[in-house]
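The values are calculated or read from the model by the stated rules, or taken from the named source; none is laboratory data. Values in this document were obtained by computation on a predicted structure and should not be read as measured data. Neighbour counts are summed over all protein chains in view; Cβ atoms, including those assigned to glycine, are modelled from backbone coordinates with ideal geometry. When the accessible area is computed, the model is the full protein with side chains, heavy atoms only, and any ligands, DNA or RNA have been set aside. Shrake-Rupley method; radii C 1.70, N 1.55, O 1.52, S 1.80 Å.
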Amino acid sequence: MQLQVMNSPFNQEQAELLNRLLPTLTESQKVWLSGYIAATQSASAISTQEAPVASLPAESAVQTISKEVTILYGSQTGNAQRLADNAGKSLEGQGFEVTVASMSDFKPNNLKKLHNLLIIVSTHGEGDPPDNALSFHEFLHGRRAPKLDDLRFSVLSLGDSSYEFFCQTGKEFDQRLEELGGKRLNERVDCDLDFDEPATEWLEGVISGLKEAQGGSATVSSKTPQAAVESEYSRTNPFKAEVLENLNLNGRGSNKETRHLELSLEGSGLTYEPGDSLGIYPENDPALVEMLLQELKWDPDEIVKVNKQGDVRSLKEALTSQFEITVLTKPLLQQAAELTANTKLKALLSAGNEDKVKEYVNGRDLLDLVRDYGPWSVSAQEFVGILRKMPARLYSIASSLAANPDEVHLTIGAVRYNTHGRDRDGVCSILCSERLQAGDTLPIYIQHNQNFKLPQNPDTPIIMVGPGTGIAPFRSFMQEREEMGVEGKSWMFFGDQHFVTDFLYQTEWQKWLKDGVLTKMDVAFSRDTDEKVYVQTRMQEHSKELFEWLEEGAVIYICGDEKHMAHDVHNTLIEIIEQEGSMSREKAESYIATMQQEKRYQRDVY
Amino acid sequence: MVNKTLNAPEGLPSDVERIKEESNYLRGTLKETMLDRISSGISDDDNRLMKFHGSYLQDDRDLRNERQKQKLEPAYQFMLRVRTPGGVSTSEQWLVMDELAQKYGNGTLKLTTRQAFQMHGILKWNMKKTIQEIHASLLDTIAACGDVNRNVMCNPNPDQSDIHSEVFKWSKQLSDDLLPRTRAYHELWLDEEKVAGTPEIDESEPMYGPLYLPRKFKIGVAVPPSNDVDIYSQDLGFIAIVEDEKLVGFNVAIGGGMGMSHGDKETYPQLAKVIGFCKPEQVYDVAEKIITIQRDYGNRSERKNARFKYTVDRLGLETVMAELEKRLGWNLDEAKSYHFDHNGDRYGWVKGIKGKWHFTLFVQGGRITDLNDYKLMTGLREIAKIHTGDFRLTANQNLVIANVTSQKKKKINELIEQYGLTDGKHYSAIRRSSLACVSLPTCGLAMAEAERYLPVLIDKIDEIIDENGLRDEEITIRMTGCPNSCARPILGEIGFIGKAPGKYNMYLGAAFDGSRLSKMYRENIGEAEILSELRVLLSNFAKERKEGEHFGDFVIRTEVIKAVTDGTNFHD
Ligand code: SRM
Ligand SMILES: Cc1cc2nc3c(=O)[nH]c(=O)nc-3n(C[C@H](O)[C@H](O)[C@H](O)COP(=O)(O)OP(=O)(O)OC[C@H]3O[C@@H](n4cnc5c(N)ncnc54)[C@H](O)[C@@H]3O)c2cc1C
Ligand SMILES: Cc1cc2nc3c(=O)[nH]c(=O)nc-3n(C[C@H](O)[C@H](O)[C@H](O)COP(=O)(O)O)c2cc1C
Ligand code: SF4
């Protein structure tokens, strides 16, 4: 290949020299040269920041051992998938032959053939694998799992330390692969919500692991992997989107508040497809920050470092926009215990108290911690040092770009609750409901989600189950299908509390139904009648027809509440398949498993 | 002109005629539409038919724009009108209405100007349950609206209870005998199995026919000297004639009606004219024949001119009388003399015969509801729980707690005082003589506020009243949100008809006893002008009135306004 400034780390002059030299070299000259460079390289170790000609030496050096690397990801909302793709790119850059695949696309009986396996997986539900990891996870833990004595592997797990089963799925894969005889290329890394740095470090570890396995003959790149992004804006560099519209979708007298947000993407170059999500970096409630500052008697204007890179902010700003102050995690408590003279916190954390800790963190925030376990004999800097970075909130996109160029719409349910004698507000949803006006801006990014997509074939029937805010992506689906003039059958199940006030986007659905863009719609309003009815009730009522649709190859989409709805709907589906397909429970379950494999059962749940 | 040939007006039948024709005796596609869960509304065609079942689809107009922005359909809801002939309801029935209003309605009850109950805000999915519970209470909503005979009004005057009960008996019978025969109501709402065989045979409407009437038809029965039912506003009126304490029969009056349309001189309010006398047992015969005349010759092409009053004016009174007597096969007697002296109510406790007591309660705008400072609904509920007599809805949207035994009187009076239920004595007489239609937010035809606004306006009029020492002077004042005139404003001495938000036409000159229409005095005026006009008029009235002269007569005598001698010259 012709080396250029663009496709290589060399400057113009170097590139030209090399381009003249390389074609003249014989194979043996090349091998000698690469060996020579490798040697000098490993001597001066990591110090050189720039990698030499990436592909050439790798090629030759790796001839001796397997340069095949398989990366399997399990991802619900796309983080693990994106990291897997990036890892793939940088490994290819290192001359490895990389296969990146979703666990659901991977044929388990190929497992034995693998030499290098990287697993990047998130955890969902309550310590459950993401949907597209379910079958592989089950296979590995089942009796049919093969011995994997000559497999080298490493696991990167994504999670959220505010959950009880932090990175559970990653841990399980890691342990199981070892049990099956696999050797670790690199120790597992468990990432919290702010996963970019640890993920990069893990990959560097993996790369050197792979190289060592190849007798250190190859070169090591300490170049951090970067995604090839279509827009300059990303999760790590969010775009400030202007708010065009912000209104409440619930009619007067409703118990609910659901905001409809319209944001402008103009000038961002950001694009999305139906099924993708949007990330928002919210700001904490100024009132809460105020209370915190007063409690700790710190100077709001004191300057503090907010990250490893050493960026600084005023303390007030930092607490408002940089750090998470509304969630307590065990790691946070442990670090906090070191910063307070109050011994009660250590006592709480002492072994055997796990349940007490769980009990304590549930429904409490930093203000509670500060109040309950003072005095805090510590500097503001030290204190913010233990806080988690403000995590972005994801929202299923509720619009179609084709139908609304340069716009993105969201459907956000306001989260308000009272715990431990204090009213608490969801950070992002209440920011949107109470403090965000048209004209303001929000830092956002697009979270592509390959696991929630309209079928390629426009004639494939689709069944959409989206109660409450779960309706969001289906509004996007409908807009897109209307725009594209898709003919295939579609069936929407929606539910909420009251028909009169909570039928989200009612007039739009009525129109789609009237115009035939939507074929069928069934709604369930749980508090209008004495007997409680939910979406799954309606699904049951239409079990026969619903099964017919599935048999016709329909794709079923489920979006919304993960804790209750998604489970109940899942079970109802199994019942329907059992009943209408007259199958055993096991049969019905594998029927669904197959649908999952075929991407005909897709979920976007939270 | 007696020999004028009889015929119905030319012209294509109106759309409503088509709907009735296709409806298979008022069924239409109601069964299906009521089951559809995606909208709480129903189609226009079905809504037309819904009226025959006593209900209207409406929406909360206060929320229209707001909900449109929120991507929500209008707040559709049904109004349900419960037929209570003569306005008589038992305590049990009262409690059922009260409960249904709380459970399925908007928590209030409306006592209508035709002595019926109305519930607002009922959702589609609750309609069947509501109607079934009403049915179980031995009331119904059949033909409470629609192109049929309506709830027959009857004077609830408790003073002469013997006469009243007798008159009431006849009214109730009329109301029931004139009901449509179709089983649609029972099928749709009461789950009655579809009647076997073709409807044409089983339920053909002997009197109405498959197309029913060209328009609504209204009958009222008055017991002089009270004209509370506004007998002259009825399509057909019966005036009880009492001779030495006995009911001998009724004078018959035909061709009244109030409704009109702004700017359409072809439409006008008209007073019924007395054409003769009949015996009590002949009442049904007369009603039936009058109705069939309207059925055959009423205008089915232009609904605005379809009421019986236009049929009478077009054919001529004599022609109609001749046709009536032809169909009766006998002649009406000479009308007997009678005298009305008022069309309002008389409030407070009165002792009737047989030692029974009656308490007439002033109900502003006929709205039964609980306000922070006035728990009317609760009070009446508590009374109904112990009341062994009955409740009587008056044509002036008021309520009579009737037939209270001397034993119960004390207990009930305690409750009346505990809840401050008012006979209106502490109000100005003009407020006690006020009437306002429902209008906004539920009425789809409203152009301006009425029920919600008249009380506020009267607060301000009261000041003028007091300045002029007229606090105890009964002046009937009526307001409607549009010229359909549901509160009979043209028969109020001071009348207001809504034209646009905050704007009203003002009418003067009606007679206190309801025997003369008023005339437009000012067009399209707002509150400021209303008040300045009244300031002048009322102070003149206070100064220059003759002994016992009513305001309506005064404005005519002093030539503030010309007397309307007949509906046909109302617009001149
Ligand atoms: C409830 C009531 C007014 C009240 O505050 O009490 C009422 C309310 C309505 N009337 Fe009426 N009318 C009511 C007595 C009257 C009267 C007074 C009377 O009958 O003594 C009249 C004038 C007399 C007459 O009929 O001429 C009256 C003349 C109308 C008209 C005009 C008819 C006409 O000939 O032009 C309409 C409109 C229509 O029928 O097209 C109408 C239509 C309506 C509707 C149903 C509006 C509609 O068609 O969509 C109103 C429902 C409003 C709501 O939200 O409840 N209402 N309506 C009265 C119920 C009486 C009952 O229990 O049956
Ligand atoms: C892929 C994906 C798509 C999503 N799509 C949408 C969407 O389309 N619309 C939408 O509204 N949301 C959606 N969400 C959820 C959304 O991301 C946020 O979680 C939600 O808006 C709450 O964020 P917040 O900042 O307002 O509340 P936070 O400040 O994050 O508070 C929420 C937390 O408060 C706690 N909490 C809440 N209620 C109680 C209670 N009663 N007792 C104790 N603790 C409680 C819980 O720990 C909860 O996690 C989605 C999430 C994901 C992962
Ligand atoms: C509904 C839901 C449940 C979750 N449950 C857990 C959990 O039990 N344990 C955990 O460590 N992380 C949990 N997480 C956090 C995710 O693992 C984390 O957001 C991760 O970055 C998602 O990666 P993905 O986009 O590849 O799925 C949960 C997230 C969601 C939305
Ligand atoms: S008068 Fe007009 S506004 Fe008033 S209730 Fe009748 S139709 Fe409605």
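Brief remarks follow.
- Residue-level check: of (1) in contact with a Leu (Cβ under 9 Å, 6 or more places away or on another chain); (2) within 11 Å of another protein chain (Cβ to nearest Cβ); (3) open to solvent by less than 40 Å² (accessible area, probe 1.4 Å); (4) on the phi < 0 side of the Ramachandran plot, A:TYR505 misses just (4).
- Single residue of A:THR419, A:THR411 found to be away from ligand 1 (no atom under 16 Å from the Cβ), within 14 Å of chain B (Cβ to nearest Cβ) and more than 30 Å from A:GLU551 (Cβ to Cβ): A:THR411
- Identity of the residue in region A:239-278, among the small types (Gly, Ala, Ser) and not in a loop (DSSP other than H, G, I, E, B), that ends up nearest to the other protein chains (Cβ to nearest Cβ): A:SER264
- Residues that are open to solvent by less than 10 Å² (accessible area, probe 1.4 Å) and aliphatic (A, V, I, L, M), drawn from region A:484-502: A:MET492
- Residue satisfying all of: in region B:466-504; more than 18 Å from the chain's Cα centre (by Cα) and on the phi > 0 side of the Ramachandran plot; farthest from ligand 1 (Cβ to nearest atom) among these: B:GLY469
- With respect to the conditions (1) more than 21 Å from A:MET595 (Cβ to Cβ); (2) crowded, with 21+ Cβ neighbours inside 10 Å, A:ASP131 falls short on a single one, namely (1).
- Region A:336-371: number of residues that are part of a helix (DSSP H, G or I), surrounded by 15 or more Cβ atoms within 10 Å (Cβ to Cβ) and out of contact with any helix residue (DSSP H, G or I) (no Cβ under 8 Å at 6 or more places or on another chain): 1
- Criterion applied to B:ASP59, B:ASP44 was being at pLDDT 95 or above and either among the acidic types (Asp, Glu) or open to solvent by 70 Å² or more (accessible area, probe 1.4 Å) (or both), and the one residue passing it is B:ASP59.
- Residue satisfying all of: in region A:509-524; open to solvent by 40 Å² or more (accessible area, probe 1.4 Å) and within 12 Å of A:TRP491 (Cβ to Cβ); farthest from the other protein chains (Cβ to nearest Cβ) among these: A:THR519
- Residue count for region A:372-382, restricted to those that are open to solvent by 30 Å² or more (accessible area, probe 1.4 Å) and in contact (Cβ under 8 Å) with a residue 40 or more places away in the chain: 3
- Failed item in (1) assigned to a loop (DSSP other than H, G, I, E, B); (2) out of contact with any helix residue (DSSP H, G or I) (no Cβ under 6 Å at 6 or more places or on another chain); (3) buried (at least 16 other Cβ atoms within 10 Å of the Cβ), with A:LEU288 passing the rest: (1)
- Cβ pairs under 6 Å, 6+ apart, first in region B:499-516 and open to solvent by less than 20 Å² (accessible area, probe 1.4 Å), second acidic (Asp, Glu): B:ASN505/B:GLU523; B:ALA510/B:GLU493; B:GLY514/B:ASP230
- Flag if A:TYR534 is touching a residue at least 40 places away in the same chain (Cβ under 8 Å) and within 8 Å of chain B (Cβ to nearest Cβ): no
- Being of a type in the set (Lys, Arg), out of contact with any strand residue (DSSP E or B) (no Cβ under 6 Å at 6 or more places or on another chain), in contact (Cβ under 8 Å) with a residue 24 or more places away in the chain and open to solvent by 80 Å² or more (accessible area, probe 1.4 Å) is a condition met by at least one residue of region B:527-541.
- Odd one out for B:LYS425 among (1) modelled with pLDDT of 95 or more; (2) open to solvent by 20 Å² or more (accessible area, probe 1.4 Å): (1)
- Residue-level check: of (1) more than 14 Å from ligand 1 (Cβ to nearest atom); (2) closer than 30 Å to B:LEU63 by Cβ, B:HIS426 misses just (2).
- Some residue of region A:383-406 being within 14 Å of another protein chain (Cβ to nearest Cβ), closer than 29 Å to A:LEU261 by Cα and either surrounded by fewer than 19 Cβ atoms within 10 Å (Cβ to Cβ) or more than 16 Å from ligand 3 (Cβ to nearest atom) (or both): yes
- Scanning region B:29-40 for residues that are open to solvent by less than 40 Å² (accessible area, probe 1.4 Å) and either at the interface with another protein chain (Cβ under 10 Å from one of its Cβ atoms) or not in a loop (DSSP other than H, G, I, E, B) (or both) gives B:LEU30, B:THR33, B:ILE38, B:SER39, B:SER40.
- Of everything listed in (1) touching a helix residue (DSSP H, G or I) at 6+ places or on another chain (Cβ under 7 Å); (2) open to solvent by less than 20 Å² (accessible area, probe 1.4 Å), the single unmet condition for B:SER485 is (1).
- Being more than 10 Å from chain B (Cβ to nearest Cβ) and within 22 Å of B:GLU73 (Cα to Cα) is not true of A:SER543.
- Of all residues in region A:526-544, at least one satisfies being over 25 Å from B:ILE42 (Cβ atoms), of a type outside the set (Lys, Arg) and open to solvent by 40 Å² or more (accessible area, probe 1.4 Å).
- Test: residue in region A:555-572 that is within 14 Å of another protein chain (Cβ to nearest Cβ) and open to solvent by less than 10 Å² (accessible area, probe 1.4 Å): no
- Criterion: farther than 30 Å from B:LEU211 by Cβ and surrounded by fewer than 18 Cβ atoms within 10 Å (Cβ to Cβ) - qualifying residue of B:HIS358, B:HIS339, B:HIS387: B:HIS339
- Candidates B:GLY256, B:GLY263, B:GLY249, filtered to the one that is away from ligand 4 (no atom under 16 Å from the Cβ) and on the phi > 0 side of the Ramachandran plot: B:GLY249
- Flag for B:GLY344 being touching a Lys or Arg at 6+ places or on another chain (Cβ under 8 Å) and surrounded by fewer than 18 Cβ atoms within 10 Å (Cβ to Cβ): no
- Selected residue [open to solvent by 50 Å² or more (accessible area, probe 1.4 Å), under 29 Å from B:GLU17 (Cβ atoms) and acidic (Asp, Glu)] from B:ASP235, B:ASP296, B:ASP285: B:ASP296
- Options A:SER122, A:SER90; residue that is open to solvent by less than 30 Å² (accessible area, probe 1.4 Å) and at pLDDT below 95: A:SER90
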